[in-house]
Every structure is written in structure tokens, then in C-alpha cells.
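First the structure, in the form of C-alpha cells, and then the observations on it.
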Amino acid sequence: MTAALPARPAGAAVHFNRGNDAEPETLDPQRSSTLAEAHILRDLFEGLLIQDRAGELAPGAAESWAVSADALTYTFKLRHDGQWSNGDPVTAEDFVVALRRLVDPSIGAEYANVIYPVRNAEAISAGTKPPETLGIAAPDHHTLIITLETPTPYFLDLLAHQTTLPVHRASLAAHGAAFAAPGKLVSNGAYVLAENLPGSHIRLTKNIRFHDAASISIDVVDYILVKDLAAGVRRFRAGELDFLPDVPSDQIKALRLAYGEQLMIAPLQGTIYFGFDTTKPPYNDKRVRQALSIAIDRDVLADDIASGSIIAAARFVPPGTAGTATTTANPSWQALSIIEREDRAKALLAEAGFTASRPLSVELRYNASDNNKAMAVAVADMWKQVGVTTRFVATDSRTHFAYLRDKGDYDVARAGWIADYNDPQNFLFLLESGSGLNTTRWSFPPFDRLLQAARSERDADRRFMLLRQAEDMMLDEAPLTPIAHYTGRYLVSARLSGFIPNLRAANATRFLQLAR
């Protein structure tokens, strides 16, 4: 049964009903880890830098910055008209507290790795140094100085990520972990939190104290949970949604005929993958992981199951990512026919002890949606061809990703990653030992050493070579198997303007306009 949509506020307010394909686990920036949360946090808060209407870096709470000659020290000057929604000034100290929280082990932030380039960040996260030793200082209210361990070419991109957003220090002190609840959350972005009704919607209203409030035309935005994409299409058709963040793959042709340019499909810098619990037999056996990987016909998934709306992937780092122009060849199995790959998969399974009389049975977990179900069923049929039986566990996105984050028991699980910054490291760090986002629990010291060497390598070409070697090593060990590279597939109301698809899916409501 479809839940009723929230009523649009009466009066002349411009009200935007914006679909969101998952329910946020948190609105605490430092504890955030999903794209569904990033969309909302991008409206509630403003970081030192932001992603503009085209998804490009632009000044945010910082109006300017300078980088030292050795590329190790960044000095930011904060704008003087920045205010929190309660009228308090936004200060450099607010960012100091936020970034220290991000690497404080007591917070348990999954994304602490994001600021590992900052001096002492990794040691603090490991518990060997106190948060106060982080390479960040506020010599005055409007100056923030960040010192890095080594030059990091993508560092500015990190400061537009949701986990580096500031926190209102007085609210954090008064409410602790509950500071992000409605009625308590004080934000510095274009909108403030008005309602958070789990299973229904999150309502944001315009922040009149935001420094650029005069240019914002949308007064109220409801982030409406869309669990069922087919139901979401029906709501869009009825005018109940102004924006749908994804559409059913099997409806793409019909939707293009019905809506023309209102259906937008554009590349995203991201990858859909299946991860294995590499600590659990038999998935701790590389041969089993390789067999399940090579038996998947990615072209069928992309072209037939997804109607050409995703791109078959043999590598984890998407093409077009910095440093991939000279990427080494795809894995050798990709050159084989599907029959040859099936034979190779059967041989690997037999070596691992699985035969027709003793078949492998796999539990495949995925976050429930029409598209994900279709893909899971198709993959199970492919695995059946090599003697593997599959059972499914489908839960809503919030439950699914919380289960993986909390180290729940699983065999194989669907996941996906959209880049936070344009660098191969942003994908490969997911597999690093000890990473809070390493749901595969894979630990492989040679891989870790390559990533660590890349962090300290100042020559760009040499650095990219180390990262390519790390990706090759990971693909051979197969703790995860890439399935496809994402595209954004949006239904955009003819009333909505200013929406520009971009590689990061960064489309803050402040840059959109909605006709009455």
C-alpha cells in the first residue's frame, strides 16, 4: 500500500516534492555515509567548499583560500556574513570541532578515511594520538589553517563532502548525539530541518539567515521516501512528485516516449558491485570468489536487464576517473566467451570442492528495488549455469546498509559507490584493512602497502601507476566483483528548472527553481 504524501503547506510558498530513494540513517554529518543522506545534508549545511549547480567546486562557507608552495598548508578565509540558523556566527572553530569529530574513534565515523591526508588524522582514528593533534587550527574566528601529511591533489574536493560539514558547537554540547533531531538541529545551509517522519518524508524549510537566501526560490522541500520505483513513477505521473531520482529499468523505453526530455539519463562516476564476506568459508577462498565473478555476464545485465541504462564494468574504478587514461587491460577473463567463462568457473569451483553432487549454495543480499531485484534474479540464473543455487534476502536500503555497516553475517551483498572526489583512491580505499566502509572484511597487506605508497608519492604518474597496480591486485583477489557503472536516471517535472545532471549526483535544492 502506498503511503499518503505529506500535504503541501498552504499559501504562496513554493513547495518542492523531491523523491529520495532511501531513508537516511542519520543527519549527523560526521556519521553520514550514504548518498541519500548527502542530498539532504547538502541542503541543510554549507561546507568550506560546495558543489555548484553543475557539480563543480565553488566557494561555500570559505570565500577564499591559499595553498603553500609545498602544497601542505591550506589557509581558508571564512565569509563574514555566515550565520547558523539561530543567528550565531559561523566560525572557524565550528570546522575544527567537526573535523576532530570525524576522526575521533569514539564517534565511529565510517568515513574517517576521507581526511586521512590531514596531519595525524590516521593516527587519531587508530587511537594512537588525541583528536587535539589533528592538523587543523583556527587562529581567529574567520581563519582556518589545515596542514597535510603529504600533498594531496584532490584535497579541496574532500572539503565539499558531507562528512566535513561544520557542527553548531553549542547544540552539540547541549544535546550530544541527539543534536541532529528536529527542533534541535541548528544548520548553516540554505534550509533548516522542520520534520523527520520515518517511512514518509523529511521536510526542510528555507533558512532566512542563510547568506544567499534572497536568491533561493524554493521555500519548502519534502524529501519523500520512494521505496517502490514503479509507485514513484505513478506519483510523478499524478503530479505528486516533482522529481524522481531513479526509474524502473524495464520502463525506460516507455518513459522516454511518454516524457521525452523530462527523462534524463547521464553518466555517474560510480560502480555497482557485489561484495563477498571474505572472512567466511567458502568465500575466504579466492577460487570461489573468482568463479562467481567470471560467471556473471555483465553485458546481459547492462543491455537486456537494465535496458542499456547502466554500463557493463570489468574494473572497479570507472573510466574517465583521473589517472585511468592509461589504465592496464581489463581482467583476462573478459576476453573469453561466456561459455568459456562458465567452464572456467566450474573448474574453479571444483578445485574448491564444489561439484554437481556437492553444489555451492549462495545467499545474495540486496537493497530492495525493482531494478535491484531484476539484477539479482538474472545473476542467480547465471550462477545456476555453473551449478550454484541462490537464495535472496531483500530489505529496504536503510536496513541493508546498516546491516553491512554493523558487520552482519552474509555471503554476497549488493552495494554501490558514487565518487566523492575524482581520484582512483576514492574507490580503492573501500578495500583497505580497517576501513569502516570495508564491508568485505578483506585484509591484504600487499594491497594496503600500495595504497600507503600512493599516499606519499608526489610524482603524479608514479602515483597513478601504484593505484592501478593496487586495483589489478584487488581484482585478482576478488573481494568484490564489479558489475556495472552507474548512470543517473531521473524524471524531472517540466515545472522544475536548473537541474543539471553531473557525475556526483550533486544537485542542491538552492540552485533549482519550481514554477508555481
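The values are calculated or read from the model by the stated rules, or taken from the named source; none is laboratory data. None of these values were measured; they are calculated from a predicted model. Using ideal geometry, Cβ is built from the backbone for each residue, glycine included, and neighbour counts are taken over all protein chains shown.
Screening region 15-51 for residues that are acidic (Asp, Glu) and part of a loop (DSSP other than H, G, I, E, B) and picking the one that is modelled with the lowest pLDDT gives ASP21. Give me the residue from region 58-78 that is in a loop (DSSP other than H, G, I, E, B) and surrounded by 17 or more Cβ atoms within 10 Å (Cβ to Cβ) and, out of that set, farthest from the chain's Cα centre (by Cα). Selected residue: LEU72.
A quick yes/no check of all residues on (1) farther than 16 Å from ILE294 by Cα; (2) outside the structural domain of ALA470 (by TED's automatic domain parsing); (3) at pLDDT 95 or above; (4) small (Gly, Ala, Ser):
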{"site": "PRO318", "(1), (2), (3), (4)": "yes, no, no, no"}
{"site": "PRO359", "(1), (2), (3), (4)": "yes, no, yes, no"}
{"site": "ALA378", "(1), (2), (3), (4)": "no, no, yes, yes"}
{"site": "GLY387", "(1), (2), (3), (4)": "no, no, yes, yes"}
{"site": "ARG398", "(1), (2), (3), (4)": "yes, no, no, no"}
{"site": "ALA413", "(1), (2), (3), (4)": "yes, no, yes, yes"}
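Filtered by the rule that a residue be under 24 Å from ASN426 (Cβ atoms), more than 24 Å from the chain's Cα centre (by Cα) and in a loop (DSSP other than H, G, I, E, B), region 297-350 gives THR326, THR328, ALA329, ASN330, PRO331.
There is no residue in region 90-108 that is under 21 Å from the mean Cα position of the chain (by Cα) and of a type in the set (Ser, Thr, Tyr). For region 379-398, a residue qualifies if it is surrounded by fewer than 17 Cβ atoms within 10 Å (Cβ to Cβ) and either of a type in the set (Ser, Thr, Tyr) or within 30 Å of SER337 (Cβ to Cβ) (or both), and the qualifying residues are ALA380, ASP381, LYS384, GLN385, THR389, ARG391, PHE392, THR395.
Of the candidates GLN469, GLN452, GLN425, the single residue that is over 20 Å from the mean Cα position of the chain (by Cα), under 23 Å from ALA313 (Cα atoms) and among the polar types (S, T, N, Q) is GLN469. Taking region 181-196 as the range and being modelled with pLDDT of 95 or more and among the aliphatic types (A, V, I, L, M) as the test, the residues that pass are LEU185, VAL186, ALA190, VAL192, LEU193, ALA194.
For region 115-127, the criterion of being out of contact with any Ser or Thr (no Cβ under 9 Å at 6 or more places or on another chain), surrounded by 17 or more Cβ atoms within 10 Å (Cβ to Cβ) and of a type in the set (Phe, Trp, Tyr) is satisfied by no residue at all. Does region 303-317 contain any residue that is under 20 Å from VAL379 (Cβ atoms), among the aromatic types (Phe, Trp, Tyr), touching a Lys or Arg at 6+ places or on another chain (Cβ under 9 Å) and in contact (Cβ under 8 Å) with a residue 40 or more places away in the chain? Checked against the condition, which is being under 20 Å from VAL379 (Cβ atoms), among the aromatic types (Phe, Trp, Tyr), touching a Lys or Arg at 6+ places or on another chain (Cβ under 9 Å) and in contact (Cβ under 8 Å) with a residue 40 or more places away in the chain, region 303-317 yields no hits at all. The residues on offer are ALA180, ALA214, ALA190, ALA194, and the sole one that is assigned by TED's automatic domain parsing to the domain that holds PHE45 and without any contact (Cβ under 8 Å) to a residue 12 or more places away in the chain is ALA214. Restricted to region 478-505, and to residues there that are hydroxyl-bearing (Ser, Thr, Tyr) and part of a strand (DSSP E or B), the residue that is farthest from ASP299 (Cα to Cα) is SER497. Of the residues making up region 73-95, not a single one is of a type in the set (A, V, I, L, M), within 30 Å of GLY434 (Cα to Cα), at pLDDT 95 or above and assigned by TED's automatic domain parsing to the domain that holds PRO29.
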